[in-house]
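Just so it is clear, none of the values below were taken in a lab; they were calculated from the coordinates. A quick note: this is a predicted structure, and the numbers were derived from the prediction, not measured. Every residue, glycine as well, gets a Cβ built from its backbone with ideal geometry; the counts of neighbours run over all protein chains shown.
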Amino acid sequence: MELRQITYFLAIAEAEHFGKAALRLRVAQPALSRQIKQLEAELDLELFERLPRGVRLTPAGRTLLAELRTVPSQIDRAVATARAASAGLHGALRLGFIEAAAWQGLVPDAIRAFRAGFAGVELTLAALPTAEQLAALRRGEMDAALIYNPLPAADLTAIALERHPVVLAVPAGSALADRAEVRLSDLVGQPLIGFQRRASPKFFDDIHAGFRAVGYTPRYIAELMAETEILALVSAGAGIALANSSQMWRPPHGVRFIPVADLKVSLQLALVHRKGHVSPVLDHFLGILTAKVGRTVAGTKTHPGSL
């Protein structure tokens, strides 16, 4: 059964007359009759009872009519949904993010704006470590990842968004806690809590390049993987640590954050997606992000700030 045959059948059933249906459809009556005969032959059913003046539905025709009445509206909805998906107004966006970036500023603002502007899109969010986000991205289980300091990769595109400075986290009882700012020389002799290089190789290398530039050699009492674990030890009074300034928006109990005047290191927040895999929905989200950091973007091929 073809869509054209369904349209013809519905028109004849409503008009109860081949000629009137043909006029309404702007189809020659012989062609219309031929299509209905072909439909009846394909279904092996008699759908219309031919009368001297018009036609009427047979019991089989009435049953078929009841089942097919909603087909045109279903098709209209399907086409409208497809057009909405093509325009990025319908569909799904699976987004991963680093928790520290989501407490204040660009990321939560962009998510709120996207929800408000694209209510027809199902937005799925997952707070995951960088390695897990990238693995999910490569498996096709995630559309984009918001991470810090992405390393170059042949299969991924990274779009630079904004930089978050590094600050010093100290226990509230530390002699440094009331300082407006510190210098790296103030860290000498302090118990320092660090992070393992594999947690963020670029960040680790940038930090230690900054240390070398001022002749400072750190002495770590612990090196951990997660910043939340590091800050937990700072909160417990075990030592001091360098941290992402985004953590200042949800300071752990008993922790103070202080700028480091002579350490010019920051973390680059970026959105990463698989190369060549940008849906209209993702492009809308990218547009919101880049507009909020002061850039206008027409598509990923021209996104400035790509890493």
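Remarks
- Calculated FRET efficiency, Lys202 to Ala78, Cβ-Cβ distance, R0 = 45 Å: about 0.45 to the nearest 0.05.
- Antiparallel DSSP beta bridges within the chain, as percent of all bridges there, nearest 5: 65 percent
- Burial ordering of Asp44, Asp186, fewest other beta-carbon atoms within 10 Å first: Asp44, Asp186
- Here is the size of the stretch 162-267 from its Cα atoms: Rg then Dmax, 12.4, 33 Å.
- Per residue, the convex hull spanned by the Cα atoms of the stretch 3-69 amounts to 77 cubic angstrom.
- Translational D in µm²/s for the chain (Stokes-Einstein at 20 °C, 1.002 mPa s, Kirkwood Rh from C-alpha pairs): 88 µm²/s
- Alpha-carbon centroid distance for the pair the stretch 3-52 / the stretch 125-185, whole angstrom: 66 Å
- Under-5 Å amide H pairs with Phe48, H placed in peptide plane, nonlocal only: Thr58
- Percent of Cα-Cα distances greater than 16 Å, calculated over the stretch 100-149: 47 percent
- Most positive-pole-ward Cα, Phe18, Gln35, Leu47, against dipole of the stretch 3-69 from beta carbon charges: Phe18
- Total lysine pairs in the chain at Cα distances under 27 Å, for residues eight or more apart or on different chains: 9.
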